[in-house]
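Peer 1: Before I ask anything, here is the structure I am working with.
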Amino acid sequence: MKNKAMIEFKNVTFKYNSQSEPTLKHVSLTIDQGEKVLIVGPSGSGKSTLGNLINGIIPENIKGEIQGTILVNGHDVKDMSIFDQSLNVSSMLQDSNDQFVGLTVAEDIAFGMENDCTDNVTMRKKVKAWSDYLHIHQLLKQSPNSLSGGQKQRTSLAGVLVDESPILLLDEPLAALDPAAGLRSIQLLDDIHKHLRNTVIIIEHRIEEVLTQDVDRVVLMDDGKIVGSFTPDNLLKRDILKNYGLRNPLYLDALKLAGVDFNSLSNIDSVNLVNGNHVNDKLHQLNLNQATKRLNQSTDPILKINDLSFAYNHHPIFKHLNLTIYKGDMISLVGKNGVGKSTLSKLIAGFIKPNHGKIIFNHRNLSNLSIKERADHIGYIMQDPDKMISQVMIRDEIALGLKLRHYPKSQIDAKVKQALKVCKLYEFRNWPVSALSYGQKKRLTIASILVLNPELLILDEPTAGQDYYHYNEIMQFLRKLNQERHLTMIFITHDMYLMTEYSNRTIVLGNQNIMKDAAPEKVLNDDQLLLASHLRKTSLSILAKRFHIDPIKLTNTLITKERENDNGQ
Amino acid sequence: MNKKKLSVQSVVAIGIGTAILFLLKRWVSIPTGIPNTNIDTSYGFLGFIAVLFGPVVGFFVGFFGHALSDFTQFGAPWWTWVFTTGLVGFALGFLKKYMKPEEGRFGKKKLIIYNIYQVIINVIGWLLIAPTGDVLIYSEPANKVYLQGIVSAISNSLSTGIIGTILLVVYASSKVKKGSLKKE
Amino acid sequence: MDNNIFGYDHNNTWVHQLTGTSKLLFFILVSIIAMISYDVRFITLVLILSLIILYQSQIKWSQVRLIVKLILIFACLNLITVYIFSPGHGAYLYGTQHIILHLGYFTLTKEQLFYELNLALKYLVTVPISLVFLITTNPSEFSSSLNHIGVSYRLSYAVSLALRYIPDVQRDYQEISMAQQARGYELSKKGKFMTRIKGVSQILIPLILSSLDKIQVISQAMELRRFGKNKKRTWYMARKFSRNDYLTIVLAILIVLLGVWFMKIDGGRFFNPFK
Ligand SMILES: Nc1ncnc2c1ncn2[C@@H]1O[C@H](COP(=O)(O)OP(=O)(O)OP(=O)(O)O)[C@@H](O)[C@H]1O
Ligand SMILES: Nc1ncnc2c1ncn2[C@@H]1O[C@H](COP(=O)(O)OP(=O)(O)OP(=O)(O)O)[C@@H](O)[C@H]1O
Ligand SMILES: [Mg+2]
Ligand SMILES: [Mg+2]
């Protein structure tokens, strides 16, 4: 049975007004009714642009030249207003934070219905129905900015689902979610898809997580073109994601390492089911590395937190927290959304003051030092890049801290150039900041703190919204700094593999204190802890367990292998 | 007043603009060194947003922002001054046609015109309209309100001038010119 | 939870149960007439009435202590300035002069005292109603009330957006300020005037440029959910009028009429006991 086509792109080329080259080039794509499609591609490849063409934001709100034809639900988008189109397409934009327009969750869900002049009785009924379905009914009176990341997501979903339109379009719905919340969202989306039988389009960098549920098709984009459109099975067997700077599911990397031929695998898209003739043998033949890892030998404390307590207007975040960090530590700070990871960083950087307790840096009590004085030693890269960037041009932004510290011009130029190269921004060096994508801005803020040469670096979710190629690039550079200059580092992340790959110590926050302070492998082996702190095993560990291999050794082997490859390049 | 419908963008600009003006008015002022006289930074922002979005947005951002701030500070808005802030925003908004912010370029000449015009508007507003309103509606003594008017006219034109100009220049340089972006 | 900058406090008195629309109408009508009238008897009457309403809405002193203190300080300062600048203003307004104390320029007259008493009452008369309005009206209901009294829904929604984003912008401002200080700006009192202006601009620039992006994104999100499609819209938080609502509006109209009647017998805005 051939389904009706829901979305058709016929040889579409699109150029933003400010760009000199088209962003989308000769795109042809058909998505059928009831299909669930995942769109992947490196950062800047044009995924959001494609999405915005479907929901009408382009050309209604963002201007540019369109060539070719786009049909949505059988109608040419040229003849439709953004309002008509929104009845066909419910969209969640890339940054869900800014999408809340209501003062409370209930009002936000009802917003679309209010605009359709729906009467109050119907509105209340529908809001109740959808909030029950999404389990947010107890939040209806709260204001959206008091919600956790996962709750925010459900709220914006409810707000678009009430429209019950035939197409659901989600642009990076998982970006800010902790692993457990991310998984639940994906399950929820699958549930909704089965329930409504609508067409679902998901744009996402976290490919492995999306593929944990059924997906009909994966569309791979690169540089404004569609590379191809594959079933997940077909895509994974071809093993081409890495060529485009994207991350393969981890368990497949391990199988590849073991020399398994992907074409012989069944259920390749599920770590729980994947199997084949020689998988077991090959995995056991693998030469597993011992845990050779990088224990930090230093016993010289760089940062000590003594009996710290902090509350946001009577809402306690930390109680009696103690922590010592040693020179050369590379620490991953993890925990569920809203547990206080960013808050702890701000306390260290001096943005907020503890209610009780001391923070000691290099034997010096920090309480009397201003933010600026602390910043001479401690670099803090905030979660939201827009809050840090104040200059118009990329170059000036990186140079700002140096200028204010009265470095001579020649030194500034040299340092800026080096930072531009490290953070892969050199080709954009003469652009204004406003032309950068989210991931690029994030790299810019890293560059502008790195030039200041801090002794302790705190990175708040450095890899959010980045594709694999770029995050790998940044993390490798940071590790080099750590090894060569003993730069101490704390990074906040929701990525469990990143945590194992790059840190020697993991600190899990929870219950207003530290729940666990141990090697990353130990954390990943503690099932109860994982559940309580919304973390999740990597698919690598799941694979290892299934085939009775030591997960820690398997992880180490893969990491070692990848490092060799990277260094070889 | 709303014969022509407000665009959705104007609605949002009024909303966000009001929020910013409110906060600037309540929390962000710069002491001048003369006791009890602070530069009210919100007027710099008002000039900027009015030039970008035009007279209607300028009026409501000024009016709502000032009213909300009075409301929460003094329990009741001082209507004559609230209204004057709205009018200043309204008048400054007419510069949108001349300044053409969408072209993303403000030359020296445009900035000079902006500054001359803003001083005139501030003087009319704070030296003429606001104090006269006070005398007529609140029956306050003339010499008191006119002196307050002089001080406000000076400090508000400083704010509209310095902060507004800085914002405009930065905004213009952050605008990307048509078809100009190339990786090198 | 968080939308509490204006002190809304959930409770269940009859004042809380009134719709925002009737409270808003009451507030507007009464404050206009109180602004126009200079009749001490009328204003005292309104003040007493509004104090009764304040009492009835069970607002605690601790909720309003700070704002009331500020208002009192502001009122006193203003009264003193008026006296310093124009000790003869009362005599000028009322056309007579009953001297209490000879002090040259600062000669104190009964008329001046009476005028300043009027002023003081006028500064204070709307305060209780404003407080009642702020504390008993759910901000979510406010924009629908504006719409119901005739403000276009687009403008009403703009106000709602302002209320929604004030806490956000406030948080952004603080964080940006910190981030700039971490880069090395001196924003404390030590800096010179121009340095401070530059420093403040340094925070305003990211705040404002990112807000411009926000404006773009929010209007996209709103259009995607069809804001602005129809001539009207409904409001999730709107409530039906009850008997008390009608009574409130009738009361407001009666107060206005009373004020007008007082002006009629005074033959103008001023009540003059010295004639
Ligand atoms: N409003 C705009 N004006 C000009 N250029 C733009 C605009 N939006 C995006 N671009 C450019 O178009 C290209 C594709 O951007 P797009 O946002 O579609 O990428 P993406 O694949 O969604 O990336 P990401 O994964 O980082 O979200 C980028 O190079 C970007 O610089
Ligand atoms: N300025 C603030 N005022 C009041 N509460 C706040 C403030 N900032 C954060 N919070 C609250 O404090 C808690 C901790 O927030 P924080 O941002 O530190 O979480 P996080 O661990 O970084 O979460 P995420 O993973 O989502 O980034 C949250 O419940 C949040 O709502
Ligand atoms: Mg995108
Ligand atoms: Mg955080």
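The values are calculated or read from the model by the stated rules, or taken from the named source; none is laboratory data. This one's a predicted model, so the numbers in the text were calculated from it and none came from an experiment. Cβ atoms come from the backbone with ideal geometry, glycine included; neighbour counts cover every protein chain shown.
Peer 1: Kindly indicate whether B:I137 is within 12 Å of another protein chain (Cβ to nearest Cβ), out of contact with any Gly (no Cβ under 8 Å at 6 or more places or on another chain) and in a helix (DSSP H, G or I).
Peer 2: Numbers: within 12 Å of another protein chain (Cβ to nearest Cβ): yes; out of contact with any Gly (no Cβ under 8 Å at 6 or more places or on another chain): yes; in a helix (DSSP H, G or I): yes.
Judged against the criteria, B:I137 is a match.
Peer 1: Let me ask something additional. Out of A:I490, A:I549, I need the residue that is more than 16 Å from ligand 3 (Cβ to nearest atom), under 16 Å from A:M330 (Cα atoms) and not charged (D, E, K, R). Which one?
Peer 2: Numbers: A:I549 fails: under 16 Å from A:M330 (Cα atoms).
The match here is A:I490.
Peer 1: A further question on this structure: Please tell me if C:T109 is crowded, with 19+ Cβ neighbours inside 10 Å, more than 9 Å from every other protein chain (Cβ to nearest Cβ) and touching a His at 6+ places or on another chain (Cβ under 8 Å).
Peer 2: Yes; evaluated as a whole, the condition is true for this residue.
Peer 1: Take the residues in the stretch A:415-442 that are in contact with an Asp or Glu (Cβ under 9 Å, 6 or more places away or on another chain) and of a type in the set (D, E, K, R), then tell me which one is farthest from A:E204 (Cα to Cα).
Peer 2: Among them, the one singled out is A:R429.
Peer 1: Please find, within the stretch A:460-475, the residue that is nearest to A:T493 (Cα to Cα) out of those that are within 16 Å of ligand 3 (Cβ to nearest atom) and in contact (Cβ under 8 Å) with a residue 40 or more places away in the chain.
Peer 2: Checked the stretch A:460-475; the qualifying residue nearest to A:T493 (Cα to Cα) is A:A464.
Peer 1: Moving to a separate point now. Answer yes or no: is there a residue in the stretch A:355-371 that is within 11 Å of another protein chain (Cβ to nearest Cβ) and over 27 Å from A:Y497 (Cβ atoms).
Peer 2: Checked the stretch A:355-371: at least one residue is within 11 Å of another protein chain (Cβ to nearest Cβ) and over 27 Å from A:Y497 (Cβ atoms).
Peer 1: Still on this structure, I have one more. Within the stretch A:422-459, take every residue that is within 19 Å of A:K341 (Cβ to Cβ) and in contact with a Ser or Thr (Cβ under 6 Å, 6 or more places away or on another chain) and give me the one that is farthest from ligand 3 (Cβ to nearest atom).
Peer 2: The qualifying residue farthest from ligand 3 (Cβ to nearest atom) is A:L456.
Peer 1: Same structure, new question: If you check every pair at least six apart or on different chains, which have Cβ atoms under 6 Å apart with a residue in the stretch C:201-220 that is at the interface with chain A (Cβ under 7 Å from one of its Cβ atoms) first and a residue that is small (G, A, S) second?
Peer 2: C:Q202/A:S390; C:I205/A:S390; C:P206/A:S390
Peer 1: Evaluate the following for C:L117: is it assigned to a helix (DSSP H, G or I) and either under 18 Å from the mean Cα position of the chain (by Cα) or away from chain B (no Cβ under 14 Å) (or both)?
Peer 2: no
So that you can scan it fast, the table gives a plain yes or no per residue for (1) within 27 Å of A:P22 (Cα to Cα); (2) polar (S, T, N, Q); (3) within 14 Å of another protein chain (Cβ to nearest Cβ):
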site: A:S156; (1), (2), (3): no, yes, yes
site: A:V162; (1), (2), (3): no, no, yes
site: A:F230; (1), (2), (3): yes, no, no
site: A:K237; (1), (2), (3): no, no, no
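Peer 1: Would you pick out the residues in the stretch A:181-225 that are within 16 Å of ligand 1 (Cβ to nearest atom) and over 15 Å from the mean Cα position of the chain (by Cα)?
Peer 2: A:I201, A:V218, A:V219, A:L220, A:M221, A:D222, A:D223, A:G224, A:K225
Peer 1: Taking the stretch A:20-73, which residues are away from ligand 3 (no atom under 16 Å from the Cβ), of a type in the set (S, T, Y) and closer than 20 Å to A:I240 by Cβ?
Peer 2: A:S28
Peer 1: Check the stretch A:81-90 and report whether any residue there is buried (at least 16 other Cβ atoms within 10 Å of the Cβ), within 16 Å of ligand 3 (Cβ to nearest atom) and closer than 21 Å to A:Y16 by Cβ.
Peer 2: No: zero hits.
Peer 1: Here's a follow-up. Among the residues of the stretch A:479-505 satisfying the criterion of being surrounded by 20 or more Cβ atoms within 10 Å (Cβ to Cβ) and part of a loop (DSSP other than H, G, I, E, B), which is farthest from ligand 4 (Cβ to nearest atom)?
Peer 2: Checked the stretch A:479-505; the qualifying residue farthest from ligand 4 (Cβ to nearest atom) is A:L487.
Peer 1: When the residues of the stretch C:57-83 are filtered to those that are surrounded by 13 or more Cβ atoms within 10 Å (Cβ to Cβ) and over 19 Å from the mean Cα position of the chain (by Cα), which remaining residue is farthest from C:F270 (Cα to Cα)?
Peer 2: Per the criteria, the residue is C:Q58.
Peer 1: For the stretch A:99-125, which positions are of a type outside the set (S, T, N, Q), part of a helix (DSSP H, G or I) and crowded, with 20+ Cβ neighbours inside 10 Å? Explain how you work it out, then say what you get.
Peer 2: Within the stretch A:99-125, the subset of a type outside the set (S, T, N, Q) is A:100-103, A:105-114, A:116-117, A:119, A:121, A:123-125.
Still in the running and part of a helix (DSSP H, G or I): A:105-114, A:121, A:123-125.
A:V105, A:A106, A:E107, A:D108, A:I109, A:A110, A:F111, A:G112, A:M113, A:E114, A:M123 - these are the residues of the stretch A:99-125 that are of a type outside the set (S, T, N, Q), part of a helix (DSSP H, G or I) and crowded, with 20+ Cβ neighbours inside 10 Å.
Peer 1: Also, quick follow-up: Report whether or not A:L157 is away from ligand 4 (no atom under 16 Å from the Cβ), in contact (Cβ under 8 Å) with a residue 60 or more places away in the chain, crowded, with 22+ Cβ neighbours inside 10 Å and within 30 Å of A:M496 (Cα to Cα).
Peer 2: Taking the combined requirement at face value, the residue satisfies it.
Peer 1: Go through the stretch B:99-126 residue by residue and tally those that are touching a Phe, Trp or Tyr at 6+ places or on another chain (Cβ under 9 Å), over 30 Å from A:N17 (Cα atoms) and surrounded by fewer than 17 Cβ atoms within 10 Å (Cβ to Cβ).
Peer 2: Total meeting the criteria: 0.
Peer 1: So C:F262 ticks every box in (1) free of Cβ contacts under 8 Å to residues at least 40 places away in the same chain; (2) farther than 24 Å from A:T104 by Cβ but one. Which box is left unticked?
Peer 2: (1)
Peer 1: So which residues in the stretch A:49-68 are under 23 Å from A:N198 (Cβ atoms) and either surrounded by fewer than 20 Cβ atoms within 10 Å (Cβ to Cβ) or within 16 Å of ligand 2 (Cβ to nearest atom) (or both)?
Peer 2: A:E60
Peer 1: Say we look at the stretch C:221-244 and pick out the residues that are more than 7 Å from every other protein chain (Cβ to nearest Cβ) and within 28 Å of the chain's Cα centre (by Cα); which of these is farthest from B:I20 (Cα to Cα)?
Peer 2: C:R243
Peer 1: Additional query: If only one of C:I99, C:I84 is over 24 Å from C:L146 (Cα atoms) and modelled with pLDDT under 85, which one is it?
Peer 2: C:I99
Peer 1: From the list C:S160, C:S144, which one is more than 10 Å from chain B (Cβ to nearest Cβ), over 20 Å from C:L251 (Cβ atoms) and buried (at least 20 other Cβ atoms within 10 Å of the Cβ)? Talk me through it step by step, then tell me what you get.
Peer 2: Numbers: C:S160 fails: more than 10 Å from chain B (Cβ to nearest Cβ).
Selected residue: C:S144, the only one of C:S160, C:S144 that is more than 10 Å from chain B (Cβ to nearest Cβ), over 20 Å from C:L251 (Cβ atoms) and buried (at least 20 other Cβ atoms within 10 Å of the Cβ).
Peer 1: Looking at the stretch C:59-68, is at least one residue modelled with pLDDT of 85 or more and over 28 Å from A:H314 (Cα atoms)?
Peer 2: Among the residues of the stretch C:59-68, not one is modelled with pLDDT of 85 or more and over 28 Å from A:H314 (Cα atoms), which makes the answer no.
Peer 1: Of all residues in the stretch C:241-272, which are out of contact with any helix residue (DSSP H, G or I) (no Cβ under 9 Å at 6 or more places or on another chain) and part of a loop (DSSP other than H, G, I, E, B)?
Peer 2: Correct list: C:G267, C:G268.
Peer 1: Among (1) assigned to a helix (DSSP H, G or I); (2) at pLDDT below 90; (3) within 8 Å of another protein chain (Cβ to nearest Cβ), there is one condition A:Q85 misses while meeting the rest; what is its number?
Peer 2: (3)
Peer 1: Does the stretch A:380-393 contain at least one residue that is over 29 Å from A:I507 (Cβ atoms), away from chain C (no Cβ under 12 Å) and either within 16 Å of ligand 2 (Cβ to nearest atom) or surrounded by fewer than 20 Cβ atoms within 10 Å (Cβ to Cβ) (or both)?
Peer 2: Scanning the stretch A:380-393, I find at least one residue that is over 29 Å from A:I507 (Cβ atoms), away from chain C (no Cβ under 12 Å) and either within 16 Å of ligand 2 (Cβ to nearest atom) or surrounded by fewer than 20 Cβ atoms within 10 Å (Cβ to Cβ) (or both), so the answer is yes.
Peer 1: Here's a follow-up. Grab the strands (runs of 3 or more DSSP E) fully contained in the stretch A:298-391, keeping just those with 2 or more residues being more than 16 Å from ligand 4 (Cβ to nearest atom) and among the polar types (S, T, N, Q).
Peer 2: Those strands (runs of 3 or more DSSP E) span A:301-312, A:315-326.
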